[in-house]
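See below for the structure under consideration.
The values are calculated or read from the model by the stated rules, or taken from the named source; none is laboratory data. Predicted model only: the values in this text are computed from it and were never measured. Cβ placement follows ideal geometry from the backbone for every residue including glycine, while neighbour counts extend to all protein chains displayed. We work out accessible area using only protein heavy atoms, side chains counted, and drop any ligands, DNA or RNA first. Shrake-Rupley method; radii C 1.70, N 1.55, O 1.52, S 1.80 Å.
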Amino acid sequence: MDEFEAQFDATIAADQRVEPRDWMPEAYRRTLIRQIAQHAHSEIIGMQPEGNWILRAPSLRRKSILLAKVQDEAGHGMYLYAAAETLGVDREELTEKLIDGKQKYSSIFNYPTLSYADIGVIGWLVDGAAICNQVPLCRCSYGPYARAMIRICKEESFHQRQGYELLLAMVNGTDRQREMVQESVNRFWWPSLMMFGPPDDDSPNSAQSMEWGIKRHTNDELRQRFVDMSVPQAKALGVTFPDPELVWNEERQAHDYGEPDWDEFKAVIAGSGPANAQRVAHRRRAHENGAWVREAARAYAEKQDARKAVAA
Ligand code: BYC
């Protein structure tokens, strides 16, 4: 075992990729399963708040953009479940854990979408935060996760642009449309900052995940990057963030900003957010309604196997 462990340590030290065939410490495998499963669940649950507006999109153009985006999120979930399966877990098992409330998904999707401006703000801020967090994951030490992230990040960039483009159209519209954008930004700013996870001194997993090359930056580093990136974009849109402490710090060459409400964050990830129960119940219903598809696929695969066995 020592020889295997030395090989694993050398792979990490040389910044090379660990592949499914390689030996890996059990805790490394468990951490990856936890993070990749949560990430996959987030993509799938993340379809709900935006899917809520597909039938009410204001034009055919907006509807086709939104449909494409929501379908992309389903695809991201599939790449990620496939990456998790290379670690020896089954997609079915992960889905069961999600709908039984035993595995988490991103806090952000427990907030409701109340207006069409939310579609733009989710694209701009939520996908923007996702890109900040996920681009470094393209260099994650586990090969299948890193490769899935490359494709996901390309699509997330399109998602972010479509959100910003929608907001540009709205802020160049009527006063009422500008108010809708500002109202939505007010609701989504703090939850977007929470997407990066708890502050570094309250993040139990960061140090080990960074040692293993799973995470490349701390939660606070990425949150800071996101704040600095978003401020000029808000200025260009003519909106403000609901944070009186947000100010440029010349010495740090970065923005100072206020503290998110970490009690709210803890309540949301513990299942008491505004939409947790609804999100999980909807996912459970969709899973149950899809049972016949899984049964049919299994029956078809069995029939194919039986035919092959007869032919052999
Ligand atoms: N929400 O030690 P920490 C998307 C949990 S999808 C819920 O810092 P870690 C998109 C954390 O899991 C966005 N839980 O953890 C889709 C841990 O609990 P457990 C999803 C959170 O793992 C559709 C505990 O708090 N992105 O972009 O080192 C439409 C302590 O935290 C959250 C990903 O999943 C949270 N926000 O760091 C549009 C990215 N934050 O597991 C967009 C991949 C923390 O010990 N994941 N927790 O019970 C990551 O990069 C890391 O897992 C995190 C957390 C930075 C999120």
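Filtering P244, P274 for residues that are over 20 Å from G197 (Cα atoms) and surrounded by fewer than 17 Cβ atoms within 10 Å (Cβ to Cβ) leaves a single hit, P244. Just so you know, in region 277-312 the residues that are among the basic types (K, R) and more than 20 Å from the chain's Cα centre (by Cα) include one that is least open to solvent (accessible area, probe 1.4 Å), and it is R294. Of the helices (runs of 4 or more DSSP H) lying entirely inside region 59-147, those carrying at least 1 residues that are small (G, A, S) and open to solvent by less than 10 Å² (accessible area, probe 1.4 Å) are 60-85, 117-121, 127-134. Each residue in region 29-52 was checked for being within 8 Å of the ligand (Cβ to nearest atom), among the charged types (D, E, K, R) and within 17 Å of R91 (Cβ to Cβ), and 2 pass.
The residues on offer are R161, R216, R139, R178, and the sole one that is basic (K, R) and more than 30 Å from A82 (Cβ to Cβ) is R178. Close contacts from region 34-56, counting a first residue that is more than 13 Å from A275 (Cβ to Cβ) and in a helix (DSSP H, G or I) and a second that is of a type in the set (K, R) and near the ligand (Cβ under 7 Å from one of its atoms), with Cβ to Cβ under 7 Å and a gap of 6+ residues or different chains, come to Q38/K104. Screening S157 on (1) open to solvent by less than 30 Å² (accessible area, probe 1.4 Å); (2) more than 10 Å from the ligand (Cβ to nearest atom); (3) among the small types (G, A, S) shows it passes everything except condition (1). When the test is whether a residue is more than 18 Å from the chain's Cα centre (by Cα), free of Cβ contacts under 8 Å to residues at least 40 places away in the same chain, within 13 Å of the ligand (Cβ to nearest atom) and surrounded by fewer than 18 Cβ atoms within 10 Å (Cβ to Cβ), A254 does not pass it. Of the listed requirements (1) in contact with a Pro (Cβ under 7 Å, 6 or more places away or on another chain); (2) open to solvent by 40 Å² or more (accessible area, probe 1.4 Å); (3) within 16 Å of the ligand (Cβ to nearest atom), L193 misses just one: (2). Contact annotation: residue pairs with Cβ atoms under 7 Å, 6 or more positions apart or on different chains, pairing a residue in region 121-150 that is over 25 Å from Q16 (Cβ atoms) and of a type in the set (D, E, K, R) with a partner that is within 12 Å of the ligand (Cβ to nearest atom) and open to solvent by 10 Å² or more (accessible area, probe 1.4 Å), are D127/Q160.
Scanning region 16-58 for residues being farther than 20 Å from L98 by Cβ and open to solvent by 20 Å² or more (accessible area, probe 1.4 Å) gives a total of 17. Put simply, of M180, M170 the only residue that is away from the ligand (no atom under 14 Å from the Cβ), crowded, with 17+ Cβ neighbours inside 10 Å, free of Cβ contacts under 8 Å to residues at least 60 places away in the same chain and in a helix (DSSP H, G or I) is M170.
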